[in-house]
């Protein structure tokens, strides 16, 4: 039933499964079933067991041999121990505990054939898994290389909110290498006041599922605060469909926000003086008029005009005139408190809107403006340029619009001009 010549092996076949073996001196080898080819290995050689996938041990003391050759037990090969006789159950369990995957009797050829079939199947499954792992690693490396070349920070978190990966841009944002980012919580990499905001947003997303897009202020590793848009989505377990984390990207919109603010300011402000322009004034005035309706609250308007402004331009130049307009805006800023507003209506004329302001108080504020302008000359190239203003005052009547009240204030302004300028008149 068995060959008795030492080291005799089955004839090689093109499709034979190679079985590595080690036999102690004087030990005979079993004849291999068809389809298997024995190949002797030297545990002390340069390769050792590194090339073994199925390993046959024909030794007297299997436990001692496995202890002396721990590389056999790395889980990457199938170890079959061949013993001289059928062993008791506890003895076989001891050999399995020592690291053998199978224990077969030298005398039972069928048992050996079955063990080799199981080993072959294990080896093939293992190889398929190894290839799959290799393919996944290649795809992972490709994906990592791709996201590492994106300028936007990208990150991944597990269900507990712990970072599981990121790209180079995120490393730069955090100021830590990916190896230190992984396994960290947001409290480990961000200021506490910002970390709490991030944590609450992440938990809400993973609890509700779907996608989350929002703007937030973040602090970069440089200490600089910037505005970003977070684009985040949950990730799910392929088998259960349960949320198992999230993937997120950060788009730096700081410059866009600055541009939006500039455009908004340009649309609302007068280029020369930085005061509100006429269009923005009437937008705010309309909103104030609506607020004043319920409950009924007084709303007054002023129309201000710089006296003899043409003479300022003619005598001192238009640069001085422009600077004088800016000077008046600074003075109005000092006199008019919230919620009052003012705007450059055009040329040297300005509108003021006074909320919760009855006629008597409106006259008092107008006089305060006139006094401030008269007492504060414009300093231009070392020379004091005196300025004076005339002001018309009107209070919005019942059923009247702000435009109608401004028309009455404008008429009052002309009466102030006709009366000698540098004065306040009401309608």
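No value in this document is a laboratory result; all are computed from the given coordinates. The model shown is predicted, which means the values in this text are computed figures rather than measured ones. Cβ sites come from the backbone with ideal geometry, for glycine too, and all protein chains shown count toward neighbours.
Within the listed set 294, 335, 389, the residue fluctuating most in the Gaussian network model of the chain (springs between alpha-carbon atoms under 10 angstrom) is 294.
Above 34 angstrom, tally the Cα pairs of the chain and express them as a % of all pairs, no decimals. Please list the in-between numbers first.
Numbers: 59059 of 90951 pairs.
I get 65 percent for the Cα pairs in the chain exceeding 34 Å.
The rule of thumb for compact globular proteins, 2.2 N^0.38 Å, goes into the C-alpha radius of gyration of segment 174-325 1.75 times.
Ranked by how many other Cβ atoms sit within 10 Å of their own Cβ, fewest first, the residues 41, 54 fall in the order 41, 54. For segment 269-426, the alpha-carbon coordinates run over 51, 32, 22 Å along the three principal axes, in decreasing order.
Against the chain, whose longest principal axis is taken from its Cα atoms, helix 254-268 shows a tilt of about 20°.
For the chain, what is the calculated [θ] at 222 nm in deg cm²/dmol (nearest 500), taking -39500 (n - 2.57) for each run of four or more DSSP H residues and dividing by its residue count? Don't skip to the answer; put the middle values down first.
On the way: 13 runs with 180 residues, N = 427.
After summing the helix terms and dividing by the residues of the chain, the value is -13500 deg cm²/dmol.
Could you identify which residue out of 222, 401, 15 has the top mean-square fluctuation in a GNM of the chain using Cα springs shorter than 10 Å? Its mean-square fluctuation being the largest, the pick is 15. Helix 278-293 and the longest principal axis of the Cα set of the chain meet at an angle near 90°. As a proxy for reagent exposure, ranking 357, 133, 320, 425 by other Cβ atoms within 10 Å from fewest up yields 133, 320, 425, 357. For residue 379 and residue 63 in the same chain, what is the full-extension length gain: residue separation times 0.36 nm, less their Cα-Cα distance, in nm? Computed gain between residue 379 and residue 63 is 103.6 nm.
Percent relative contact order of segment 269-426, based on C-alpha pairs within less than 8 angstrom and at least six residues apart?
On the way: 275 pairs, mean separation 45.1, N = 158.
The normalised contact order for segment 269-426 reaches 29 percent.
Taking Cα atoms only, the orientation of helix 318-335 departs from the longest principal axis of the chain by about 80 degrees. With contacts taken as Cα pairs under 8 Å at a separation of at least 6 residues, the chain carries a relative contact order of 8 percent. Could you tell me which of rounded, prolate or oblate describes segment 245-358, using a ≥ b ≥ c as the square roots of the eigenvalues of the alpha-carbon gyration tensor, with rounded for a/c under 1.5 and, failing that, prolate when a/b is larger than b/c and oblate otherwise? Because a/c hits 1.5 or more and a/b fails to exceed b/c, segment 245-358 counts as oblate.
Bridge orientation summary for the chain: considering DSSP beta bridges with both residues in this region, about 70 percent are antiparallel.
Descending by average beta-carbon neighbour count within 10 Å, the peptides 56-66, 302-312 line up as 302-312, 56-66, the highest first. Comparing 26, 209, 317 in a Gaussian network model of the chain, where Cα atoms under 10 Å apart are tied by springs, the biggest mean-square fluctuation is seen for 26. Normalising the average separation of contacting C-alpha pairs (under 8 angstrom, six or more residues apart) by the number of residues puts the relative contact order of segment 17-126 at 24 percent.
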